[in-house]
Amino acid sequence: HKTMLMVLDNCEQIIDAAPLVAELLAECSGLCILATSRERLHLRAEQRCNVPPLDLAAAVDLFTQRAQAIAGDFSRTPGNQLTLEAICQRLDCLPLALELCAVEIDLLSPTQLLAQLQAHSLDLLVDGAHDLPLRQRTLRTAIGTSYALLNEEERSLFRSLGIFMGGCDWHGVAAIATGRVETSAHPLHSTLHALVNKSLVRAESLPNGEQRFSLLETIREYAQEQARAHGEETLLSQRHYAVYLQLFRTADSQLRGPEAATWLARLEPEQDNLRAALLWTLEEARYADMAWLLVVSHWFWHLRGNWYECGTWL
C-alpha cells in the first residue's frame, strides 16, 4: 500500500519478466515503475519515452570533461573545436562511446583520434573503466550484447542493413534482404519492426511522408563486421550496387521531365549510397559497372551543380 518508485534497468535482458511488471502495477496502486530497455515491454500501462543521443554541444562537453580527467592539460580551444565536434558526430554523440574514446587522449591528439575513428572506430573503443559492467568496457561488446538477443531472422536483416550509407527506404530494405533467412511467421516488415523496437534501427519520416531506416554509425560498423564474418559482404555490396543502379536509371528520364523536382527530392537522401556504390566498384576494379552508374547518375550530378565531384569520379 505504499507510494513507491521502482527502477528496473536493462530490461531487454529479461524481457520475459514483463508479465510480472504488469502484475505488480495491477496489485500495487501506489507503485510507479521506471524501466530502461532497448525493447518495449509491450504492456498496456507502458508510456514510452525515447532517449536520443546527446546533442552536439552536450557531447563535446562530456568528451572534454572525460578527456581532462585523463590528461589534466587537455582543453577545448578554437583550434580543436571542429575536430572535437567531428569526433562526437562520428561516435553518434553516444555517452558510452565518448567516454571510451576520451581514454585515448593521453596517447593520441584529437586529430589522430578522428583519423583512427574514421578508419576503425570499434577497434579504438576498448578501454572502459574496470568498475563498469563487462558488457560496457568496449563498444563492440555493448552492441554485441544487443545483437546476441536477436533471433536469426533479425540478425540476418540487421547485417544486411549495415551496407547502407545514410539509411534507406522500404524499397532498399526489401531489395537488400532478398534471400534472407525468413519464415512465414516472420515476414520482412515484422522483422524490421522488431529491430526498430529494439533500438538497433532508427525510423524517421521524411518531409514527403516516406519512412527512412538507418543505423547509428557505430552500430552500422558492427553490422558490417558481422556480415564480413558470415561471408556476406560481397553479395550485399552487389545487391546494394544493383539497387542504386536501377534507382538512378529510372530517375534519369524522370529528371528530364515535369517530375524533376520530385525526383531530385527523392534522390537527395541517397547521395551517400551512390558514393558508396561508386567506391565499391572502384575498389573492386569493376570499371564497367562504375561507368554505367556514372552514366545514369550524371544528369543528377549536373542538376545539383556537383560537376567537380562527378568529374572526380570520372
Could you go through the range 281-293 in sequence order and give the Karplus-derived ³J(HN,Hα) for each residue, using 6.51 cos²θ - 1.76 cosθ + 1.60 with θ = phi - 60°, rounded to whole Hz, and x for Gly and Pro? 5, 5, 5, 8, 6, 8, 5, 5, 4, 4, 4, 4, 5
Provide the gained length on full extension for the span residue 107 to residue 47, in nm with one decimal, where the gain is 0.36 nm per separating residue minus the Cα-Cα distance. 17.2 nm
Computed FRET efficiency, Cβ-Cβ of residue 3 and residue 58, R0 35 Å: what is it to the nearest 0.05? 0.60
So what J values fall out for the range 15-23 if you push phi through Karplus, 6.51 cos²θ - 1.76 cosθ + 1.60 with θ = phi - 60°, rounded to Hz, Gly and Pro as x? 4, 5, 7, 3, x, 5, 4, 4, 5
Running Debye on the range 37-105 with equal point scatterers at the Cα sites and no solvent, what base-10 log of I(q)/I(0) appears at q = 0.21, 0.22 Å⁻¹? -0.81, -0.87
Relative to the first principal axis of the alpha-carbon coordinates of the chain, what is the inclination of helix 81-90, with its axis defined by its Cα atoms, in degrees from 0 to 90 and to the nearest 10? 80
Projected label distance in nm at residue 203 and residue 123, using a 7 Å step from Cα toward the beta-carbon: 3.6
Please list, ordered by chain and number, the residues whose modelled amide H lies under 5 Å from the amide H of residue 33; skip anything fewer than 5 residues away on the same chain. 6
Taking every pair of alpha-carbon atoms in the chain, what share in percent sits in each 10 Å bin, from 0 to the bin with the longest distance? 5, 21, 27, 26, 14, 5, 1, 0
Taking r as the C-beta separation of residue 178 and residue 265 and R0 as 25 Å, the FRET efficiency to the nearest 0.05 is 0.40
Rough spin-label spacing in nm, given labels placed 7 Å along Cα→Cβ, for residue 196 and residue 69: 3.6
So for R0 = 22 Å, FRET eff. of residue 152-residue 13 from the Cβ-Cβ r, to 0.05, ends up at 0.70
Cα extents of the range 1-88 per principal axis, largest first, Å, are 58, 24, 19
Using the Karplus equation 6.51 cos²θ - 1.76 cosθ + 1.60 (θ = phi - 60°), what ³J(HN,Hα) coupling, rounded to whole Hz, does each residue of the range 266-274 give in order, writing x for Gly and Pro? 5, 7, 3, x, 9, 5, 5, 5, 4
Heavy-atom accessible area ranking, 1.4 Å probe, most first, across 290, 165, 4: 4, 165, 290
Heavy atoms only, probe 1.4 Å: what % of the accessible area of the chain goes to carbon and sulfur, would you let me know? 55
Taking the chain as a Gaussian network, Cα atoms linked when under 10 Å apart, which of 67, 277, 260 shows the biggest mean-square fluctuation? 260
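The values are calculated or read from the model by the stated rules, or taken from the named source; none is laboratory data. Keep in mind that this is a model prediction, so the values were computed, not measured. All Cβ positions, even for glycine, are placed from backbone atoms using ideal geometry, and neighbour counts span all protein chains on display. For the accessible areas, the whole protein counts, side chains as well, though only heavy atoms, and no ligand, DNA or RNA atoms are used. Shrake-Rupley method; radii C 1.70, N 1.55, O 1.52, S 1.80 Å.
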